[in-house]
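Undergrad: Got a structure for you, written out below as structure tokens; questions coming shortly.
The values are calculated or read from the model by the stated rules, or taken from the named source; none is laboratory data. As the structure is a prediction and not an experimental result, all values here were calculated from the model. Cβ coordinates were reconstructed from backbone atoms using ideal geometry, including for glycine residues, and neighbour counts include every protein chain displayed. To get the accessible areas, we keep the full protein, side chains included, count just its heavy atoms, and leave off ligands, DNA and RNA. Shrake-Rupley method; radii C 1.70, N 1.55, O 1.52, S 1.80 Å.
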Amino acid sequence: MRTEAELGDAFIRHMRNIGAILDGHFLYASGKHGVKYLNKDMLSLPPVELRDFLEELCEKIDPSVDVVVAPVIGAVIPATHLSYLLSKRWHRNIPLCYAEKIPGELGFLLKRGFDKAVLGARALLVEDILTTGGSVNRVIPAIEENGGKVIQI
């Protein structure tokens with residue numbers, strides 16, 4: 001089993017190999033500036049490598065997780081794969097729920113039955129990119145307001 005640092009290094013190598021890490025000057029959605037940009041939308045290219053990476057990541061996930069939750073849109077792809085892989089690994093259904101942005105507001109909400117799926121559940125919150133933690137910090141209340149508890153991000 002790889003350490004978290006080794007897993008992070010493997011992820012960076014994977015993203016470099018598929019041309020998803022760009023050098024230059026970038027203004028991020030958070031308003032911060034940087035010299036690297038990760039084109040996260042290329043994460044699922046190729047899907048077999050994404051699955052391989054996520055299978056290794058599964059080793060780091062708390063087995064008491066009941067549900068996977070992700071903010072739309074970008075995190076839904078890796079979260080879908082994780083939900084499937086965890087369900088296979090643990091021989092039980094680990095549903096995927098996605099949190100939608102509240103129109104005209106900063107918050108997220110769970111609807112379409114996802115609110116009921118998190119009730120009493122221990123949640124793995126999946127995000128594709130963490131710059132400031134803004135989306136994660138806005139999804140957590142949506143889970144908690146519906147009776148769930150985030151146990152791992």
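Undergrad: Could you tell me whether LYS88 is over 16 Å from the mean Cα position of the chain (by Cα) and either more than 23 Å from GLU4 (Cβ to Cβ) or not aliphatic (A, V, I, L, M) (or both)?
TA: In short, yes.
Undergrad: Do the conditions hold for LEU7, that is, is it touching a residue at least 12 places away in the same chain (Cβ under 8 Å), farther than 30 Å from LEU119 by Cα and touching an Asp or Glu at 6+ places or on another chain (Cβ under 8 Å)?
TA: Yes, satisfied.
Undergrad: Inside the range 37-59, can you point out the residues that are modelled with pLDDT under 90 and open to solvent by 60 Å² or more (accessible area, probe 1.4 Å)?
TA: Within the range 37-59, TYR37, LYS40, ASP41, LEU45, PRO47, VAL48, GLU49, ARG51, ASP52 qualify.
Undergrad: Given (1) under 16 Å from the mean Cα position of the chain (by Cα); (2) under 22 Å from LEU7 (Cα atoms); (3) at pLDDT 95 or above, identify the lone condition not met by VAL67.
TA: Single failed check for VAL67: (2).
Undergrad: Could you list all residues from the range 10-36 that are open to solvent by 40 Å² or more (accessible area, probe 1.4 Å), without any contact (Cβ under 8 Å) to a residue 12 or more places away in the chain and under 20 Å from GLY133 (Cα atoms)?
TA: ILE12, PHE26, LEU27, GLY31, HIS33
Undergrad: If you take the residues in the range 113-153 that are basic (Lys, Arg) and in contact with a strand residue (DSSP E or B) (Cβ under 8 Å, 6 or more places away or on another chain), which one is farthest from VAL69 (Cα to Cα)?
TA: Ranking the candidates gives ARG138 first.
Undergrad: Looking at the range 40-54, which of its residues are closer than 16 Å to ALA75 by Cβ and of a type in the set (Asp, Glu)?
TA: Result: ASP41, single match.
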